[in-house]
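Structure first, commentary second.
Rule-based calculations on the coordinates, nothing more; no lab input. Bear in mind that the values here come from a model prediction, so they are computed numbers and not experimental data. A quick note on method: Cβ atoms are made from the backbone with ideal geometry, for glycine too, and the neighbour counts reach across all protein chains shown.
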Amino acid sequence: MLFGIEWDTSSHWAFAVSILPILGKGLLVTLQATVVGFLLAAGFGLVLAGLKGMRSRLVAWPARFFSEFLRDTPLLVQLFFLYYVLPDYGLVLPAFMTGALALGLQYSAYTSEVYRAGIQSVPAGQLEAARALDLTPGRTFFAIVLPQAIPRIIPALGNYLVSIMKDVPILSVVAVLEVLNVARIIGDRSFNYMIPLSMVGLIYLLMTLVAAWAVRKLDERLPKEGIHLQ
Amino acid sequence: MKTGRYAGSTQQQARPGPSSELLPILIMDILTYSGHLLSGAWITVQLTLYSSVLGLFFAFVLGVGRVSDNPFVHGLSAGIIEFFRGTSLLVQLFWLYFALPMIGQTLGYDWRFPPMLVGTLALALNIGAYAAEVVRGAIQAVAPEQYEAAKALDFSPRQTMWRIIVPQAVPEMMPSLGNLAIQNLKDTALVSLISLADLAYKAEQLRNFTQDSTTIYSLLLLMYFGMALVVAGLMKLAERYACRWRAGGSV
C-alpha cells in the first residue's frame, strides 16, 4: 500500500493495473518538477546569456566560466551540493525546490547557448538594414533580431524540456517522490521490482515520444520568417 | 584507523570560518579526504573509459544500421536508439539492476550481474544511442558523389561504407562525440545509486561520516570539473588525429 492505495498481487496484470494510480501520483510530481525546472532553466539561461554577451570582460569571463562549470559537473553532485551545503549557510529549501533549482542551474548552461545561437543565426544583413533605417539599438533588438530568433530558439528549448523530464528521476536521491522513486518503493514493499520499473520505462518512452512529436510539430508550425512581437 | 582520523580532524571544526588560523585545518581536511575520494575517482575513470569505448561500438553498429537499406536492420536499429534515448538513464540503470534479476529468476537463470557490469552496460547503451544519431547524421552528410564514385570503382557496399564513407564522416562527428564523452563522464555519477563505489559514492560516505558538506562537495565538484577538462582535452587530440588526412588540418 502506498498513498492509501492497495495493490492486487493476484496476477502480474492485476498488479500492473492496480499500481497505475500510484504511479500516476508520482508522474504528477515528475511533470511538476519538469515544468518548474524548465522555467528556471529558461530564466537563468537568459540571464547567463546576457552576462556572457557583455562587452566587459570582467563580467563575461566569470559568466563563461560559471556556465562551463555548470555544464561539466554532474547534476547529481550539484543536487547534493545544493541540498546539503545551502542549509549550512541558512538557506533551507524543500527537497522539491532544491531539485528544481538544480535542474534549472544545470540546464541554464545549455539554454544560454540556445539563446546565443538563436540570436547569432539572424543574418548580419538584417542588422545592417536596421542601421541603414536608423533604428535605435533597442528597437533593432526587439523588432528585428528577436522576432527572427524566436522560431529557432523555441524548438531547441523544447528538446531541453524533454531532457529535463528524463533527468527528474535523479531528484529521487533527495527523497522527491517522483515516478521512479514511487516505483522503487512499490518494489521494496511488494518484492516485485520488475513490473513497476518496467512500467516506469514504458511511461517514459511514451512521454518522450509524444513530447518529441509535439516539438517537431511546433517546429513545423512556427513561421520561419519570424514572429511579430507587437 | 582511518575512521579516527576523519572524526578527529573535522568534527570539531565542521564549519571553518574565514579566520586565517583555520586555513591549515581546511588544507589538512582536503588532504585527508583526497585519499578516499581518489580511490572512488579511479572507479569513475575506469567506468567512463569502458562505457565510452563500448558506447562507441554501439554507436557505429546502430548508426550504420540506421542508414541500412535492409528494412529489418533499419527498423531494429531505429527501435533500439529510440528506446534508449527515450527512457531516463536512471530508469535503465535501476531496471538492469533490480528488474532484470527478477526476469532471470522467472526463467530460471541467475541474472544478478555485478554493479560494475550493469553500470558499464547501461551507460554504454545510453550514450551509444545518442552517439548513433551523431554517426547517422555524419554519414548522411557525406556527399552523394562519393557513393557514385565508389560504385563506379566497383566497391562492394561494405567496402564503400567502411573505407569511403566512414573515414570521411568521422571528422564531422568528432565535436559532437566530444560533448557526449563529457556527458558520459557526468552520467557515471549515477552508478553510485546502484552501490558502485565511484567518486560520488565515496563523497557521500565521507559526508555521512564527517558532516563536512561544504568542503567535500566543493572538492567533488572541482574533481569532476577537472576530469571533464581532461576528457575535453583528450577528445580535442582525437579530433586532430581523425582530421589528419584533411588538407587544411582540423575541420
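Some notes on this structure:
- Shielding of peptide B:220-226 by partners, expressed as the average count of other chain Cβ atoms within 10 Å per residue Cβ, is 5.
- For B:Asp29, A:Asp88, B:Asp187, the sequence from fewest to most other C-beta atoms within 10 Å is A:Asp88, B:Asp29, B:Asp187.
- Count Lys and Arg as plus one, Asp and Glu as minus one, and take only other residues whose Cβ is under 14 Å from that of B:Ile80; the net charge is then +1.
- Residue (of B:Pro144, A:Val176, A:Ile5) at the positive-pole extreme of the protein assembly as shown, dipole from beta-carbon charges: B:Pro144
- Taking A:Leu23, A:Leu39, A:Leu93 in turn, the Gaussian network model of chain A (Cα-Cα springs below 10 Å) assigns the largest fluctuation to A:Leu93.
- Chain B, helix-only ellipticity at 222 nm - DSSP H runs n ≥ 4, -39,500 (n - 2.57), divided by all residues, nearest 500: -24500 deg cm²/dmol
- The Rg/Rh ratio of the protein assembly as shown, with Rg taken over Cα atoms and Rh as the Kirkwood radius over Cα pairs, comes to 0.99.
- Per residue, the convex hull spanned by the Cα atoms of chain A amounts to 154 cubic angstrom.
- Helix B:115-140 vs. chain B, principal-axis angle (Cα, 0 to 90°, nearest 10): 40
- Unit charges on C-beta of K, R, D, E only; dipole of segment B:41-242, Debye: 160
- The GNM of chain A, with springs linking C-alpha atoms under 10 angstrom apart, assigns the highest mean-square fluctuation among A:Gly26, A:Gly53, A:Gly43 to A:Gly53.
- Span from the segment A:32-82 Cα centroid across to the segment A:98-114 one, whole angstrom: 6
- Straight-line cross-link partners of B:Lys151 among the aspartates and glutamates, defined as a Cα under 19 Å from its Cα and at least 8 positions apart when in the same chain: B:Asp69.
- Lys, Arg +1 and Asp, Glu -1 on Cβ, resulting dipole of segment A:31-177 about Cα centre, debye, nearest 20: 340
- Computed from Cα atoms, the angle from the helix A:95-120 axis to the main principal axis of chain A rounds to 30 degrees.
- Calculated FRET efficiency for the pair A:Ala214/A:Leu46, C-beta based, R₀ 30 Å, to 0.05: 0.85
- Dipole axis of chain A (+1 Lys, Arg; -1 Asp, Glu on Cβ), positive-most option in A:Thr111, A:Leu206, A:Gln126: A:Gln126
- Segment A:128-196 and segment B:68-135 have Cα centres lying 24 Å from one another.
- Of the cross-linked pairs A:Lys25/A:Lys52; A:Lys224/B:Lys186; A:Lys25/A:Lys217; A:Lys52/B:Lys186; A:Lys166/A:Lys224, those separated by over 32 Å at the C-alpha level are A:Lys25/A:Lys52; A:Lys224/B:Lys186.
- Put in line by how crowded their Cβ is, counting other Cβ atoms within 10 Å and starting with the fewest, A:Asp134, B:Asp198 read A:Asp134, B:Asp198.
- Fewest-first sequence of A:Trp61, B:Trp245 by Cβ atoms within 10 Å of each Cβ: B:Trp245, A:Trp61
- Qualifying aspartates and glutamates (Cα of each under 17 Å from Cα of B:Lys202; at least 8 residues distant if same chain): B:Asp29, B:Asp187, B:Asp212
- For the segment A:196-205, counting C-beta atoms of other chains within 10 Å of every residue's C-beta and taking the mean gives 5.
- Structure-based [θ]222 nm, chain A - -39500 (n - 2.57) summed over DSSP H runs of at least 4, per residue, nearest 500: -24000 deg cm²/dmol
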